[in-house]
Each structure stands twice: as C-alpha cells, then as structure tokens.
1. If a residue has to be more than 11 Å from the ligand (Cβ to nearest atom), surrounded by 18 or more Cβ atoms within 10 Å (Cβ to Cβ) and within 28 Å of the chain's Cα centre (by Cα) to count, how many in segment 680-699 make the cut?
2. Looking at this structure, is Glu103 without any contact (Cβ under 8 Å) to a residue 24 or more places away in the chain and out of contact with any Pro (no Cβ under 6 Å at 6 or more places or on another chain)?
3. Please pick out the residue among Ser497, Ser524 that is within 30 Å of Gln740 (Cβ to Cβ) and either modelled with pLDDT under 95 or among the hydroxyl-bearing types (Ser, Thr, Tyr) (or both).
4. Within segment 251-259, can one find any residue that is under 21 Å from Asn142 (Cα atoms), charged (D, E, K, R) and open to solvent by 10 Å² or more (accessible area, probe 1.4 Å)?
5. Of the numbered conditions (1) assigned to a helix (DSSP H, G or I); (2) within 11 Å of the ligand (Cβ to nearest atom); (3) touching a residue at least 60 places away in the same chain (Cβ under 8 Å), Phe730 fails exactly one; give the number of that condition.
6. Could you please find all residues in segment 733-760 being in contact with a Ser or Thr (Cβ under 9 Å, 6 or more places away or on another chain), farther than 25 Å from Ala691 by Cα and away from the ligand (no atom under 13 Å from the Cβ)?
7. Given the conditions (1) at pLDDT 90 or above; (2) open to solvent by 50 Å² or more (accessible area, probe 1.4 Å); (3) touching a helix residue (DSSP H, G or I) at 6+ places or on another chain (Cβ under 7 Å), which single one is not true for Cys605?
8. Being under 28 Å from Ala660 (Cβ atoms) and open to solvent by less than 40 Å² (accessible area, probe 1.4 Å) is the filter here; which residues of segment 540-598 pass it?
Amino acid sequence: MFNFNLLALILCCTFVKIWTYHPMYTGTNQVRVGALFESQHEAISLAFQNAVTEVHVESNSVPAIIYDMEILTPDKSFQAQNKLCLQMKRRNGIAAVFGRASETSQSHMKLLCDTTQIPFIETSWKARDSRATFAINLYPVNEELSKAFADIVKYWDWKIFTVIYEDGNGLIRLQKVLEIPGGDEYKMTIREFEAPQHNSDKALENLLADMKEKKEYRIIIDCHVTRIPKFLEKADSMGMLSGYYHFHFTSLDFTQIHLEPYMYKGANITSMRLIDPSNPALKSLTSDWTTKEIIYGKSPMLGSKFIGTESALMYDAVHIFAHALRNLSRARPVSTESLNCHKREKWSNGTSLLNYMKTSTYHGLSGEIKFEDGQRQGFRLGITSLSVHGLTEIGSWNTNTGINITSFSVIQKIFDDRERLRNTTLRVVTVYDPPYVMNLSEPNEHGRMHEGFIIDLLDELSYILGFNYTIYEQVDRQYGSEITPGKWNGMIGDLMSRDNTKKADIAAAGLSITYARARVVDFSMPFLSLGITIIYKKPVISPPDLFSFLLPLSPDVWIYMVAAYLCVSFMMFIIARFTPYEWENPHPCNSESEEVENVFTILNCLWFAIGSLMQQGSDIAPKASSTRCVASIWYLFTLIIVSSYTANLAAFLTKSRMDAPIKNADDLSLQSEIKYGTLSSGSTRDFFKNAEMPVYKRMNAFMTANGDKVFVKSNAEGFKKVKASQNYAFLSESTSIDYQVQRNCDLMQIGDLLDSKGYGLASPKDSPWIKYISKEIVNLQQQQVISKLYKKWWVEKSNTVCEDDNADDQQTSALGVGNLGGVFLVLAGGSIFALFVAILEFLWKAGRTARKQNASFLTEVKNGLYFIFVECTSSRNMGDENSSVDECEVNKNSLQKTPKITNGNFCKDAAD
Ligand code: GLU
C-alpha cells in the first residue's frame, strides 16, 4: 500500500535540504553573514545552517539571510583571521559573523569584528572577555554558571568533597565552588583529570583508586562531555558507583551521555542542563532533525538522541539575529558593504544591529534569552539526577531564586532507592554467635547453611524490602573496636573499608549501638534492648550451719532486740515504782498492816519481759494502767518479732541455700580471688575502658592487669571458661547471658545491668538502604514479630528447664532493721506513754492524799518520791534474800522523817 505520509515526509525533507545546503541562495533583498566553524564543531555548524534555512522558510523574512561558510583548521588562528577578512571584503561584505573555533582563533576573529564593528555571535563558554565589545554570547555567563555550581554544592551541604578539573578553564568555571570552604569543618580536595593526550586508562584508574583509598565520596567533576563515559565506566569497574558516592558533572551536555548501564548502580549522579528536553519546540526540532538524519544521513544530531547545548544555542542565535535584523530593517534599509579589514574600515549598521540584539528578549530552545553587556544573564538550569527511570529533572536553578528542588523529586528519590534495593544483593558481614547467627555443617530443612535470630530477621526484612543477601563471617571474628584513632577492626572495620574484597553493605549480628561506632557507621533502629551483666557458675550447696537459727533476723535486729528487752524491763521497774497502784498490802486479810509491797523488782521485771518474749508467760501480772500499758506494747512487739522470726526461719530451714560469693559488680571489684573478664574486642570491653565510675575503673584496671588470662576471643569461649571453674566470672550482654542461663542450669546471672543499650544493624555511613531497613525494623517490632523471634530462639529452642532458685533467694534474706524497725519504734513510743501514765497516776494519788490529810500537794509529791526512791529501796527486807517483792514498813520509816505518817498513808491508800 502506498504510504502518503512517507511521500509527504520525503518531499518536505527534500525541500528543506534544498534550502539548507544552498549557502549561496540569492534573492532580491539579502543580507549575507559570515560563518566560520572549525571542523570538530560540525554539529554546531549544521545547526547554524538548518536554522538559517528554517528562519527563511518560516518567516519568508525580508531581508533574507544568506551565509558564507568556511570550515577552519583547528587552532589555526591566522587562517581564521584571513578567511574572515576575505568574507568581509567579498562582494557586499557581511552583516554578522557566527563562529565556533578554538579559543585563540575565536579571539582573533572577535578582535577583527571589534575593528570593523561587525557583530560576532558566539555560543560557547568563555571566561569574561572585556576586550571584545562587538561580541554577543548566548552561552550563560561564567560568573552565574559558577554560582550555580556552588549553590548546588551548598544545597547538598557538602563539607568534605573533591573537585576534579581538566584544565585552567575548569578551575575558572569552578571558581565559586573553590571559594566555598569557610571553616575547619570543610575539607576540599582538588584533583586534576589529566588532559586527554596524556590520559591513559591507567591515569584515570590511579585517580579513582586514590579517591577510593582516601574515602572521597562526594565529587564534582569538570571535564569535557566526551570524557564522561570513560570516567563512569572506570568508576563502575572499580566499584565506585555504589550508593555511597555522589558525582556531580558540570557539563551542560550530560543529557547526551548513554546512562542506562548505571541506572541501578545506586550512586547519586547529578548534573545541570540549560536545554530542557520537554520544551515542545525542542521536541519537534529533535524529531525533525532525527528524521533528516535517517533520510540524508546527516543532521545536527550527529547520532545523538539529544541536541547539544551549543547547537541549540546556535539555533537560537540565528533566530535572535533574524529577529534583530527584521526590526532594524523596519526602521531603516539595511545594506552591507565590502570592508577591508586591514584598513580598519567600519560597518555603519553594526552598532545598531548589535544593540537590537542585545536589547531584545527571546524565548528559544535554551529558554528565555536576555543580555547584559553582551553576556547572557538570567537563565534557568534544570537539575537532573540519574534514577531507575533514567536522567530525571529533580529541580531547577535560576539567578534570582537559586536552587529549587521539587518535592516530587524527593518522593521520586525515595521511590528510586526502594526500587534499587529491590534489585540489590546486599553483602552481609557477621560473627557467628548463638543464637544470633549460627553456621551449620550441613544444610538445614530449608536448605540453608545459616540459621539464627538474625537470619530470621534478615529474611523478614528481605521479604518486605525485596533485597537478596549473601553472608560472610568477619575474618577476625570481631565486632569492632577503634584500634588506633580512625582505624577500626572487626565488622565496623569491614563496613568502613569500602574496598571490593571486604566490602560489606550491612553488618548483622548481636552488634551493640554505641556512640563511637555511630560516628563512623550508620545504625538502624535497635531491635533488642540489653545491658552488660555478669555470668557466673552457681555455687555448690553449702553444708548446714549450726547457728542457722540466727539467720532469719539480721545481727542488727538481734542486738536491738536485746537492747529493747533490757530497756523495757527497766522501764517496767521504774513505772511500777511510780505508780501507787503496784504497791500492795502483802497481808490482804490484815487491812491494818503498815507494810506495802511492789512485785516489780528489777529481777521480776526482767523475768516478766523474757517470759512474754518467749511466749511462756510468768506469774507476775501488772495491775496499774501504766504497767499494763508497757506490758501490752511489749506483747505486741513480741508477737510481731516472733511471728516474723518463725516465718523466716521456716524458709531458711527448707531451702538448699547456695551462697554466691559475689552478688554484684561492686563485690566483684572488691576482691581478686575470682577473676573476671570480657570479650577482647567489643562494646563491653570499650564500656570498661571508657568508664568513669570508680567501680568500673577498678574493674578495668584489674582486667587490664590480668590481660590474656581474663579476656576471651568469643562469647562461646567466655561461657566455657565460666562453666569450667568457680574462679571466673564473665562480663557479657544480658541477651547472650539469658540464652546461656536458660540452657545451662549451673550458670547464673549475677547482679543488675551495668548499662543499657540496643542491638542494631549497621551500614557504611550514608548508606541509601539503612533508613528503609530501620523503618521496617520498627514495623516488625510493632507487629511483635521480633518478640516472637526472641521467644523462638531463646525459649522455644531450649530443651532444658532449670529450677528457678532466684525466687527462694529473695524470700530467705535475713530480716533487717529496715523490715522490723517500725515495731521497735512502737515499743519505744508505748513505753514512754506508759511512763507518762505512771507519772499521772502518781500525781493523782499525791493530790488525793494531800486533800485527805490537809497537807500540801508538793509535800505529798516530795514524800512520795522519797518513799519510792529512797525509803522503799533502802528499807528493803534484806534479811530475805529470795524475796521477790519490795516491802516497806510504812509508819516506822515515815515517822522518822515526818510526824504525819504521810508515806504510810500514800502506800496504804494505794494498797487499798
Ligand atoms: N555486642 C558486642 C559488640 O557489639 C559484643 C559482645 C560484648 O562486647 O560483650 O561489640
């Protein structure tokens, strides 16, 4: 079937070709321009020719633009100058010069244009050239461009970074980046990317190897776009395109690089671009030129998928020129004239034409174009980043607002990283240690060579996040300590050294999160909480103690009890003396008897108190309120003490008590018979090394002094050492100790936790994965998956059930003053109260007797006291040694002192 579309396309393109490749097109009103391009800038020259044709076809513009094309030999400035002179002189001369040549040739041409006042239109990067006044450049002005590069470095907050430049121009382009470091926290390394003629693969390899060795992960590279593919290829082969690296290329043509092989590598690869591929005009031009290339084999695309920056700028330059020419020709007729450049002849319309160009604002393929002083200002750069979807625009930069990263791009980045993780095989470093990771001699039921808590956790994470992983054991089987400043061993060392042989993406083991480690690697959220504690062999059962009946009460309590017994007995004696109601007529049948007696002698008091304490009672019974008060309080005291003693004694006698010689870290630190130690390189060792508390300092000094004898290479060795003898205690982490204690009934944990920390997965600093792993760990914790795994590996997998003798231990500790102090206080209070009551009774009686006898109250009190403390004591019936009462002959003793038988009445009344 005949394809009309194809026919139309061919006709159209043939038509365009006629215009394009007829540089000497002549019309009635024509303006000729000079076009001088060096051979290596073919794409730009083709863009120029296409643009001229297009301008003519599009606007049928009057005056028409025709051009004299000259292809220059690179770096031949004299040739360039001569050819330009010829163009100026030929026929009617030229109205402008479009050129792209090497730096010196272009400078010569510009100077010539300055002299003849013919505008020179250029589209390539230049450090500001103040001498050329008749030049106009569409390429962004260097100061602005350099500022854009510096802004992006500041936006990413790079404090330590590397600048790679190719030549002196590169350093000028990066001038503002070089000015960034403004303090100690900055470290900038400047490296030269040797010029291509010197560059062998080896030089590039050395450059990259050195950067890798020195851990330079943030790199800004200024080199020609043609050198970037080699750079990326080498970096990739050296494993430098992993997620830890960020490369920013300053080339505005980065879009032209074939980046597919690096999309999933993980490295941050960014750049900026002036030409926005989503611009509709650019899109249609690209497809136009691509079609042309297919049909004629040649177009400004030159095989690339994207239009080069300079080609697009040349295209825009032709349009701006046409625009200005049209405007000028509307104002006055524009004609060119033949000029002799050696005679310094000038073109009269040059200044006006240049001014029209400089003052116009134009929207072209490179966005809005405006000039200041002949330099392009106020442009927009798109910021691009390589993602799994190719090079995507994540934001923009412009002169006024600076960097603007769109939120979409952030979301896109997160999505990209997760996407990348899904396709990644992570290398996991571990240390075999049950129950975290165990290496099996033959595959388990799932065909796996490893199992354990950590393996299950990794399986959960890999299922959710979609990554695969391979496991290897750290060569030294160490967790990681800082051996010399900045140099770490063990798993931490493996994470830090990103060299290919021991490169690990994740460290997964019972790895503690510590501050020092968190400074050099990234940790996930903790998945287990733990602390340092002591594991020790359970002591053998001690032989029964002859005096174990004393154990239920602490020695303090025993001493206080004896003291209380003596005090109460004495108190009873005093109170019984005071109170008149304890003085009795010993001959109840003879109410006239002058004798009174008090049963509470000091010995009786002691007997009464001991009798009630032993719960045997005595024949002596208090009668007065005060003595009864003391007696009640004492009964209460004995009740509590005896019941507490009995209860505790039962527990003591039934227990097969084991006496641990150490009960906590303090005990351990105060003795030297039992040796103790830690893992030789790990967080527990570091804890003691850095400890400030005197106990831990003391322990560290002990361990350091005993060195090899107490430190072990692995937890397993430590536990074995503990099992072997009663003379070694191992300081390790509660989770590992818990696992051992559940399986070895002869081991026990001693004391509380000395610190508190967590286990986490670790990754090299700035790893792109750890945040996703962290998030999922929190999720697994919330869903109680981690606690189920803990139960599985710690409890369910254990076939041993040990008797819990911890509970016994708690019940059988001796009762101390802390437990029973209250009852002593009650006893003291009660006794004082009783004394107070006794005094009241005494005073009450003295008052009553005084009233009866018509004597004064004070005299009665005095006589009463005399009777109690002097007469009754001195007149005790000493003849009867065994008498258990104090007896007084009232009238005889009293009459000697006072004519009234006051005392006698006092006692007698009381006896009544
Ligand atoms: N979990 C420790 C670490 O990460 C190892 C065991 C220990 O030091 O007790 O270093």
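The values are calculated or read from the model by the stated rules, or taken from the named source; none is laboratory data. All values derive from a computational prediction rather than experimental measurement. For neighbour counting, all protein chains shown are included, and Cβ atoms are generated from backbone atoms with ideal geometry for every residue, glycine included. Remember, those area values only see protein heavy atoms, side chains included, never the ligands or the DNA or RNA. Shrake-Rupley method; radii C 1.70, N 1.55, O 1.52, S 1.80 Å.
1. Looking only at that region, the number is 1.
2. On the way: without any contact (Cβ under 8 Å) to a residue 24 or more places away in the chain: yes; out of contact with any Pro (no Cβ under 6 Å at 6 or more places or on another chain): yes.
Criteria met by Glu103.
3. Of the residues listed, the single one that is within 30 Å of Gln740 (Cβ to Cβ) and either modelled with pLDDT under 95 or among the hydroxyl-bearing types (Ser, Thr, Tyr) (or both) is Ser524.
4. Applying the first criterion (under 21 Å from Asn142 (Cα atoms)) to segment 251-259 yields 251-255.
The next check asks that each one be charged (D, E, K, R); those that pass are 253.
After this cut, where a residue has to be open to solvent by 10 Å² or more (accessible area, probe 1.4 Å) as well, the list is 253.
Yes.
5. With respect to (1) assigned to a helix (DSSP H, G or I); (2) within 11 Å of the ligand (Cβ to nearest atom); (3) touching a residue at least 60 places away in the same chain (Cβ under 8 Å), Phe730 is out only on (1).
6. Gln742, Arg743, Asn744, Cys745, listed by residue number.
7. (2)
8. Step one: of segment 540-598, the residues under 28 Å from Ala660 (Cβ atoms) are 540-560.
Hits for segment 540-598 are Ser548, Pro552, Leu553, Ser554, Val557.
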